[in-house]
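Structure, as structure tokens:
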């Protein structure tokens with residue numbers, strides 16, 4: 001909803017400005033409340049961002065507001081809204097109603113918006129009072145894009161009246177086109193197989209952008225739920241922002257998906273990228289964080305001559321949620337109050353749900369140190385998967401094979417910040433604790449793999465670690481730009497990681513199953529989740545998928561904890577780093593709440609605090625001369 005305001009005096013006759021405001025990856029952080037910890041959290045959310053949105057919208061004569069996807073999935077409130085809809089499919093989606101009230105002009109979809117299936121997504125989008133667009137998700141993919149049947153309109157054309165420098169109003173047609181990672185058909189196969197197909201982001205842009213331009217778009221804004229990436233080539237990549245910038249006639253970009261910010265100095269050195277000005281191949285772009293942490297702002301200076309508009313200047317930036325009220329006294333609290341009011345009923349039902357009792361813990365359960373070994377949370381997840389597999393072997397004629405369980409450190413700091421950990425004290429367990437242990441709506445999958453395939457999985461995960469040579473000091477163990485959830489640990493095996501070897505060069509050593517070396521020819525059951533199967537680089541034959549059903553991993557955990565009413569957190573894995581020939585250390589970034597655990601571990605010491613609020617921790621890697629130092633990975 002573009003609003004006209006009094007104009008700044010520095011513009012000349014025939015000129016005006018247009019401010020593009022954008023959110024992305026809100027993941028149902030609608031209100032300032034952390035449902036995982038059952039406590040208020042004012043560090044992010046759409047309600048906390050609302051004052052900043054209104055401030056930045058009110059200080060310019062012309063502004064548009066867009067959302068870039070991954071809106072409908074994330075917090076336990078998302079689960080509540082899905083259940084509400086299943087009980088009454090005529091119920092309007094309060095999230096879409098909220099964004100409509102806030103004056104969003106258009107939006108696109110993110111990959112996680114497909115997590116609950118198409119019927120729910122269809123109903124939610126139909127509730128929105130603004131257009132949803134997506135150019136590369138298709139109900140049917142034809143041989144040529146001309147004959148494709150799109151899932152949503154590929155683009156929309158917004159006609160808006162801009163306030164010019166001389167006080168007059170002039171119409172402009174803003175084309176908005178949307179894109180989603182084409183990998184959605186693999187990631188949500190159980191929902192989308194036979195229903196949705198995709199084209200690559202770049203192929204879709206090359207086809208639709210000229211048509212949007214010919215339809216009369218004066219400027220074109222791309223809402224691309226995709227990261228920046230480093231490649232200008234298009235091979236259907238997940239993060240295609242850089243390649244998209246090479247498509248003619250796109251004037252501005254909103255990116256997302258990877259939960260990072262742009263402009264940001266971390267993108268220095270990327271081809272064609274100017275992190276200070278916020279441009280990609282000379283075109284302005286923003287990537288506004290996640291969970292309502294930042295607002296993306298692109299300011300365009302426009303000139304109108306005859307029947308043509310041209311962009312003469314541009315500037316991009318992202319502002320953190322805490323920036324509201326720093327420049328002018330905020331007048332936007334009513335907007336935040338409207339967000340609170342529209343989501344209050346869902347909030348109250350969510351609180352009732354997350355406080356449901358599940359069981360008890362007899363000791364502290366945490367997910368710290370997820371980059372150096374399976375955390376206590378992962379060990380619990382593995383135990384629950386193993387129990388469910390035994391049940392399935394009995395009930396569903398699944399082959400009685402050795403059971404291995406694959407887990408990843410979901411809440412383990414990293415790009416999501418120094419408080420992004422699970423840390424549950426001994427005592428009663430409620431449903432919100434289970435949601436905190438397993439934050440994604442993944443479903444259980446049980447597959448058959450040969451020992452050789454298991455070794456390949458381990459090797460690909462080991463490639464994420466930095467190569468460290470004997471004698472190195474304080475080398476980061478894992479790149480700060482790599483999400484920790486990409487690490488896979490395999491429970492049910494003991495094995496050694498050789499960090500001195502190059503990635504992909506037999507880093508995984510001495511893989512033992514029940515006192516014997518793993519047999520490359522033998523078959524094993526691997527309990528994992530639908531996402532991990534979807535992103536597997538080696539296709540899995542249909543006959544090797546032993547169990548695939550919409551059983552949420554959270555339900556697997558709940559069943560296990562209800563049958564283990566006084567669960568004792570215990571480490572059940574045996575993964576080691578191969579000892580180094582001389583004293584060698586690496587560097588870890590750990591949440592400050594783990595300081596007591598760090599102090600108790602003689603292999604760790606705190607160096608200081610990072611600018612982002614982590615503890616900068618030195619970790620002494622095992623040395624050959626100290627046989628006892630060949631300790632299990634983890635703490």
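Tabulated values for the structure
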{"item": "Residues that are in a loop (DSSP other than H, G, I, E, B) and more than 16 Å from the chain's Cα centre (by Cα), drawn from the stretch 381-410", "result": "396, 397, 398, 399, 400, 401, 402"}
{"item": "Test: residue in the stretch 407-414 that is within 25 Å of residue 544 (Cα to Cα) and in contact with a strand residue (DSSP E or B) (Cβ under 6 Å, 6 or more places away or on another chain)", "result": "yes"}
{"item": "Failed criterion for residue 372 (all others in (1) surrounded by 14 or more Cβ atoms within 10 Å (Cβ to Cβ); (2) in a helix (DSSP H, G or I) hold)", "result": "(2)"}
{"item": "Test: residue in the stretch 411-418 that is within 30 Å of residue 525 (Cβ to Cβ) and either over 19 Å from the mean Cα position of the chain (by Cα) or part of a strand (DSSP E or B) (or both)", "result": "yes"}
{"item": "From the options 473, 453, 502, 514, residue that is surrounded by fewer than 20 Cβ atoms within 10 Å (Cβ to Cβ) and at positive phi", "result": "514"}
{"item": "Count - residues of the stretch 393-419 that are surrounded by fewer than 19 Cβ atoms within 10 Å (Cβ to Cβ) and out of contact with any helix residue (DSSP H, G or I) (no Cβ under 7 Å at 6 or more places or on another chain)", "result": "11"}
{"item": "Candidates 358, 377, filtered to the one that is modelled with pLDDT of 90 or more, within 17 Å of residue 558 (Cα to Cα) and in a strand (DSSP E or B)", "result": "358"}
{"item": "Qualifying positions in the stretch 191-236 - under 20 Å from the mean Cα position of the chain (by Cα) and at pLDDT below 90", "result": "191, 229, 230, 236"}
{"item": "Verdict on residue 92 being touching a helix residue (DSSP H, G or I) at 6+ places or on another chain (Cβ under 9 Å) and either part of a loop (DSSP other than H, G, I, E, B) or buried (at least 19 other Cβ atoms within 10 Å of the Cβ) (or both)", "result": "yes"}
{"item": "Qualifying strands (runs of 3 or more DSSP E) (wholly inside the stretch 562-631; at least 2 residues being assigned by TED's automatic domain parsing to the domain that holds residue 490, over 16 Å from residue 372 (Cα atoms) and modelled with pLDDT under 95)", "result": "none"}
{"item": "Residue in the stretch 231-241 that is in contact with a strand residue (DSSP E or B) (Cβ under 8 Å, 6 or more places away or on another chain), in the same structural domain as residue 166 (by TED's automatic domain parsing) and not in a strand (DSSP E or B) present", "result": "yes"}
{"item": "Hey, residue 556 closer than 17 Å to residue 378 by Cβ and touching a strand residue (DSSP E or B) at 6+ places or on another chain (Cβ under 6 Å) or not", "result": "yes"}
{"item": "Qualifying residues in the stretch 37-54 (those that are surrounded by fewer than 21 Cβ atoms within 10 Å (Cβ to Cβ) and not in a helix (DSSP H, G or I)) - the one modelled with the lowest pLDDT", "result": "42"}
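The values are calculated or read from the model by the stated rules, or taken from the named source; none is laboratory data. What you see is a predicted model, and the numbers here were worked out from it, not measured in a lab. Backbone-built Cβ (ideal geometry, glycine too); neighbour counts: all protein chains shown.
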